[in-house]
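Undergrad: Structure below; questions to follow.
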Amino acid sequence: MTTFLAIAALILLGIILGWHWLFAGAVAITATVWAIVIASVVLFCAGILLLFILAGISVFLICIIGVMWAILAVILFPVVFPILAPLLIILFFISFIRWRNQKK
């Protein structure tokens, strides 16, 4: 069973690498998508951490920047939506909880 999975993974890797070597533009697109994914995750994680530190208008600024970045990233590369959606939901929940606690 494990050998079959390893063989299938190697065949899949070979097909993907062959596709990228066949079409040189696919490498650039893949690198760009990965860069957007990494930048988006870093932006959201930094925003979520800063929501615990900062208060007031900065909370809304971080959320606005994060939402604009997410919308732009999803428009440019729809593949990143399943990665960004959970982080965006976490950002909204944390900002709402912080806003509600500061309102009291």
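Just so it is clear, none of the values below were taken in a lab; they were calculated from the coordinates. Values in this document were obtained by computation on a predicted structure and should not be read as measured data. Cβ placement follows ideal geometry from the backbone for every residue including glycine, while neighbour counts extend to all protein chains displayed.
Undergrad: Do you know which residues across segment 65-104 are without any contact (Cβ under 8 Å) to a residue 24 or more places away in the chain and not in a helix (DSSP H, G or I)?
TA: Answer for segment 65-104, where residues must be without any contact (Cβ under 8 Å) to a residue 24 or more places away in the chain and not in a helix (DSSP H, G or I): just K104.
Undergrad: Let me ask something else. Considering only segment 56-79, state which residues are small (G, A, S), under 11 Å from S95 (Cβ atoms) and surrounded by fewer than 14 Cβ atoms within 10 Å (Cβ to Cβ).
TA: Step one: filter segment 56-79 for residues small (G, A, S), giving 56, 58, 66, 70, 73.
Now narrow it down to the ones that are under 11 Å from S95 (Cβ atoms): 58, 66.
S58, the sole residue that qualifies.
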